[in-house]
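The values are calculated or read from the model by the stated rules, or taken from the named source; none is laboratory data. Remember, it's a predicted structure, so these values are computed and weren't measured experimentally. As a convention, Cβ positions derive from the backbone with ideal geometry for all residues, glycine included, and neighbour counts pool all protein chains shown.
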Amino acid sequence: MNHFRNHLFSIAGVGIFLLLAMATAPTNNNNSNNRPSPPANTTMFTNSSTGLTGDLAENYVDFTISYPNTWKLDPAAGRGSSPNFMKVQNLTSDGITIEQLAIGYFSGQRILMANLARKLSDQFEGQFPDYQKITEGTTQVGPYDGYEFRFTATTKTTAGAPLDIYGRAILLPGDANRKGATLLMMATSESKDVKSISDVGEKGELPILLNSFRFGKD
Amino acid sequence: MKPRKLPFLIIHVLLPVCAGGFIYLCWRNPNLLMFDWLRALGFEPAVAAMRSAVGVAPNSPRWFLTSLPDGLWVYALTALMAFVWRGADFSPLKIFWLSTGFLFGAGSELGQMMHIVPGSFDPIDLLVCLIAAAAALVLTSSKMKFVRLNSQGV
């Protein structure tokens, strides 16, 4: 009888602990293994090595991503000294950034992701006023495991109005067959949907891009 | 509940769970179900304020953010089973229940290695699970003996 009670308590205990473990599972928002169909009203960007020089050519990585037709592709990305293969932005009619995504290369190993993320964060610290890294840790983009950090900063519009920046940088390591990539997402206080770092890539239109990102032939 | 049981449960079960939960709440990425649940319960502003207040874990090694919470979970579950099965004679069932923490922790890691479970396999996680389960058994068995001796008036 006493052991029957032990079994009951054990089952209840394991159940509670499994519930706790379940709470730490990733949400399904960016978790699909399948290559998604391009969403409506989007344009698919396919990276190409044509015209790339320097580090971008050396660390070229195949990927595709879809972005809303209302977003603007930055023609400077993928050329000259640009660190990015591509950059897209959603702008207000005044040219103020609402959301943006830039994709560059990541040639480091998986085990070095945390260290490299910190170096990248230190680099951002010198570029953005009031820069503050808020969180860092493992993350997932589609079927890919990565490492990310999220940050806040401020800037000013060309008219001098203050603008809050909510940022999220994701490092996706490569493997034996391909290089990795960095995904830098930023949203500003011009966004109606993104109100904190937790919302970057979760609300607004950035999730459309994030969910559509795939390496090479994946 | 006898007075000595509550401190045991607090120290060996509740505290490790809370410590692991604190690491998740403060420093892990917010794309986790727990954050959806907390948002649904209206705790999002409190969590955001806490994350902002504690800032980034200063120069914390990766194992602190990723392996330690798993180890604390394994420790707490193993300690809970040791508590539930204290005083019972050793039997295959008792060994099974005492092993559940390690089995789930290690099983999850091995499942990741075989791509059955989402996530990436990390040998450090596996090692931490083993150490945590062993630590819980060693620490709680000595504690149990102490309680039993005291209850017998020795």
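Some notes on this structure:
- Considering segment A:26-55, the residues that are in a loop (DSSP other than H, G, I, E, B) and modelled with pLDDT under 65 include one that is nearest to the chain's Cα centre (by Cα), namely A:31.
- Residue in segment A:107-119 that is in contact with a Leu (Cβ under 8 Å, 6 or more places away or on another chain), modelled with pLDDT of 85 or more and not acidic (Asp, Glu) present: yes
- Pairs with Cβ under 6 Å, 6+ apart, first in segment A:119-134 and closer than 16 Å to residue A:187 by Cα, second among the acidic types (Asp, Glu) and surrounded by 11 or more Cβ atoms within 10 Å (Cβ to Cβ): A:131/A:125
- Meets criteria (away from chain B (no Cβ under 14 Å), under 25 Å from residue A:208 (Cα atoms) and buried (at least 19 other Cβ atoms within 10 Å of the Cβ)) for residue A:90: yes
- Residue, nearest to the other protein chains (Cβ to nearest Cβ), within segment B:22-38, restricted to residues that are out of contact with any Pro (no Cβ under 8 Å at 6 or more places or on another chain) and closer than 19 Å to residue B:77 by Cβ: B:34
- Where a residue in segment B:58-87 is within 18 Å of residue B:121 (Cβ to Cβ) and more than 8 Å from every other protein chain (Cβ to nearest Cβ) and its partner, wherever it lies, is aliphatic (A, V, I, L, M) and crowded, with 21+ Cβ neighbours inside 10 Å, with Cβ under 6 Å and at least six apart: B:67/B:128; B:71/B:128; B:71/B:132; B:74/B:132; B:74/B:133
- Breaking point among (1) surrounded by 17 or more Cβ atoms within 10 Å (Cβ to Cβ); (2) modelled with pLDDT of 90 or more; (3) not hydroxyl-bearing (Ser, Thr, Tyr), for residue A:136: (2)
- Residue within segment B:16-33 that is touching a residue at least 60 places away in the same chain (Cβ under 8 Å) and not β-branched (Val, Ile, Thr) present: yes
- The residues of segment A:161-189 that are among the aliphatic types (A, V, I, L, M), more than 18 Å from residue A:133 (Cβ to Cβ) and in contact (Cβ under 8 Å) with a residue 24 or more places away in the chain, listed by number, are A:163, A:172, A:181.
- Picking from residues in segment B:84-99 that are among the charged types (D, E, K, R) and surrounded by 10 or more Cβ atoms within 10 Å (Cβ to Cβ), the one that is nearest to residue B:13 (Cα to Cα) is B:86.
- Applying the condition of being in contact with a strand residue (DSSP E or B) (Cβ under 7 Å, 6 or more places away or on another chain) and closer than 18 Å to residue A:139 by Cβ to segment B:31-63 and asking which residue is modelled with the highest pLDDT yields B:32.
- Qualifying residue in segment A:149-160 (condition: without any contact (Cβ under 8 Å) to a residue 24 or more places away in the chain, within 13 Å of chain B (Cβ to nearest Cβ) and in contact with a Lys or Arg (Cβ under 9 Å, 6 or more places away or on another chain)): no
- The set of residues from segment A:56-91 being modelled with pLDDT of 90 or more, within 24 Å of residue A:108 (Cβ to Cβ) and among the polar types (S, T, N, Q) comprises A:64, A:84.
- Residue in segment A:181-198 that is more than 15 Å from the chain's Cα centre (by Cα), modelled with pLDDT under 90 and more than 18 Å from residue B:30 (Cα to Cα) present: no
- Residues that are farther than 20 Å from residue A:83 by Cα, within 15 Å of the chain's Cα centre (by Cα) and not in a strand (DSSP E or B) within segment A:115-169 comprise A:142, A:143, listed in sequence order.
- Count of residues meeting criterion [touching an Asp or Glu at 6+ places or on another chain (Cβ under 9 Å), of a type in the set (S, T, N, Q) and assigned to a strand (DSSP E or B)] in segment A:170-206: 1
- Note on segment B:88-97: residues that are facing chain A (nearest Cβ under 7 Å) and either at pLDDT 90 or above or under 9 Å from the mean Cα position of the chain (by Cα) (or both) total 1.
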